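Trainee: The following block contains the structure, expressed as structure tokens.
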Amino acid sequence: TQLLEQSPQFLSIQEGENLTVYCNSSSVFSSLQWYRQEPGEGPVLLVTVVTGGEVKKLKRLTFQFGDARKDSSLHITAAQPGDTGLYLCAGSYNDYKLSFGAGTTVTVRA
Amino acid sequence: DAGVIQSPRHEVTEMGQEVTLRCKPISGHDYLFWYRQTMMRGLELLIYFNNNVPIDDSGMPEDRFSAKMPNASFSTLKIQPSEPRDSAVYFCASRTSGVNNEQFFGPGTRLTVL
């Protein structure tokens, strides 16, 4: 059973379009992380959000943590083929364990 | 600097055989994690160590799985006997102390049990 629900499961868009991935839970997290995983590799951390309502930007990627710290979103502006990958959200309950969502597979077509 | 190192990268074995997966964490990292990733269940935490001591093994599926960390630079995950449902990609990750610090993942071991 996934504590974190990610949607959509799959997303295929054309280069230059925008996309948003959602991560939702009924639990309150002390922090939430977003990872990106490419085929044959391990996940790589993109960002950590800690404060409710926090917004962080990483070039064309915008991450938001919900006010209640139960949900988060990842928005990519003007997607490029290099953004293709599996995007995973992971929540922490103020310890060292991470609970991962099932992931969203993003494909950006050239 | 070398990242987390895992071996082997691929393992194919027959049901009933013993399988040992190996991990070398990043030097200086005092937390080590073992995960399993499947299409059906996603990325699941199996066990994690702090300073070579197992802290939480509640994710270990059953007694056929065991993990050890004899020193700060080496850990093993053993499955004995292996079953086809154990087929998955197994990841090792390490990090330093401090809440919210990044976990660095290895490249994974793809295990296929026939």
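Trainee: How many angstrom lie between the C-alpha centres of region A:82-110 and region B:64-106?
Mentor: 19
Trainee: Distance cut-off 30 Å, Cα to Cα: go down the list A:59/A:97; A:70/B:68; A:97/B:68 and report the pairs above it.
Mentor: Listed pairs above 30 Å: A:70/B:68.
Trainee: Another question, if that's okay. Provide a whole-number value for the mean count of partner chain Cβ atoms within 10 Å of the Cβ atoms in peptide A:97-107.
Mentor: 3
Trainee: For each of B:39, B:69, B:15, B:60, count neighbouring Cβ atoms within 10 Å of the residue's Cβ, then give the residues from fewest to most. Please report the intermediate quantities before stating the final value.
Mentor: Numbers: B:39 8, B:69 21, B:15 12, B:60 18.
By the 10 Å Cβ count, ascending: B:39, B:15, B:60, B:69.
Trainee: What does the structure give for B:32-44 when I average, per residue, the other chain Cβ atoms found within 10 Å of the residue Cβ? All intermediate terms of the calculation are to be shown ahead of the outcome.
Mentor: Details: counts 0, 3, 0, 4, 0, 7, 0, 2, 1, 4, 10, 14, 3.
Mean number of neighbouring Cβ atoms from other chains: 4.
Values in this text are rule-based calculations from the coordinates and carry no lab data. These numbers come from a predicted model, not from an experiment. Cβ atoms come from the backbone with ideal geometry, glycine included; neighbour counts cover every protein chain shown.
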